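Asker: After the structure tokens below, expect a handful of questions from me.
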Amino acid sequence: MAPGGRARILAGPRRRVAPAANGRSTDDKGDGVDAAQTWRLLHGTEPVGEITVTEQDWPWLSGPFSPRPRFADFAPLFARELALVEAMATDDSAAAAEAWETAYAPITSALRLEGPDGAVAGFLLHIEDGSAWFRWHD
């Protein structure tokens with residue numbers, strides 16, 4: 001894999017996002033995306049935060065993140081995993097990847113991501129400065 005390749009795959013398109021003024025946004029093809037689509041981050045049944053999808057850049061979705069009080073418990077985990085992804089831009093070693101996997105595991109163990117059609121089986125989610133970007137699979 002090319003230097004930093006793993007980091008590019010894991011990091012996705014980092015963006016500072018806000019809802020579009022017209023309530024619509026665009027995906028990578030320029031098609032309209034329903035900006036009202038809301039995804040919820042949950043710990044059990046307790047809300048941790050919500051993501052309002054404003055952009056799609058397949059396979060990534062992104063938008064503003066609205067934290068709930070419980071997010072404070074998980075914020076350090078997201079900060080740590082993102083720092084490790086960024087470090088992998090210059091250190092693409094197996095050890096760096098393992099460090100990221102170890103840091104990310106508590107996120108997927110403790111939290112679930114629920115889309116408009118219900119919970120998803122797996123997800124890769126980054127949260128920073130009121131923005132979230134993620135990809136998911138069933």
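The values are calculated or read from the model by the stated rules, or taken from the named source; none is laboratory data. Everything quoted here is computed from the prediction, not taken from an experiment. When we count neighbours, we look across all protein chains shown, and the Cβ atoms used for this are built from the backbone with ideal geometry, even at glycine.
Asker: Name the residue, out of SER109, SER62, SER93, that is among the polar types (S, T, N, Q) and surrounded by 16 or more Cβ atoms within 10 Å (Cβ to Cβ).
Answerer: The unique qualifying residue is SER62.
Asker: Output the residues belonging to the range 127-138 that are under 22 Å from GLY44 (Cβ atoms) and not in a loop (DSSP other than H, G, I, E, B).
Answerer: Residues satisfying the conditions are ILE127, ALA132, PHE134, TRP136, HIS137.
Asker: Can you pull out the residues in the range 81-120 that are at pLDDT below 95, among the hydrophobic types (A, V, I, L, M, F, W, C) and in a loop (DSSP other than H, G, I, E, B)?
Answerer: Residues satisfying the conditions are MET88, ALA89.
Asker: Pull out all pairs, ordered by first then second residue, where Cβ-Cβ is under 7 Å, the residues are six or more apart or on different chains, the first lies in the range 106-118 and is closer than 16 Å to ALA132 by Cβ, and the second is among the charged types (D, E, K, R).
Answerer: Sorted first by the residue in the range 106-118, then by its partner, the pairs are ILE107/GLU81; GLU114/ARG40.
Asker: Considering (1) within 18 Å of ASP117 (Cα to Cα); (2) at pLDDT below 95; (3) of a type outside the set (Ser, Thr, Tyr); (4) out of contact with any Ser or Thr (no Cβ under 6 Å at 6 or more places or on another chain), say which one PRO47 fails and leave the rest.
Answerer: For PRO47, the exception is condition (2).
Asker: Among the residues of the range 57-78, write down those that are over 12 Å from the mean Cα position of the chain (by Cα) and not aromatic (Phe, Trp, Tyr).
Answerer: So the first thing to find is which residues in the range 57-78 are over 12 Å from the mean Cα position of the chain (by Cα), and the list is 57-58, 66-77.
Answer for the range 57-78, where residues must be over 12 Å from the mean Cα position of the chain (by Cα) and not aromatic (Phe, Trp, Tyr): ASP57, SER66, PRO67, ARG68, PRO69, ARG70, ALA72, ASP73, ALA75, PRO76, LEU77.
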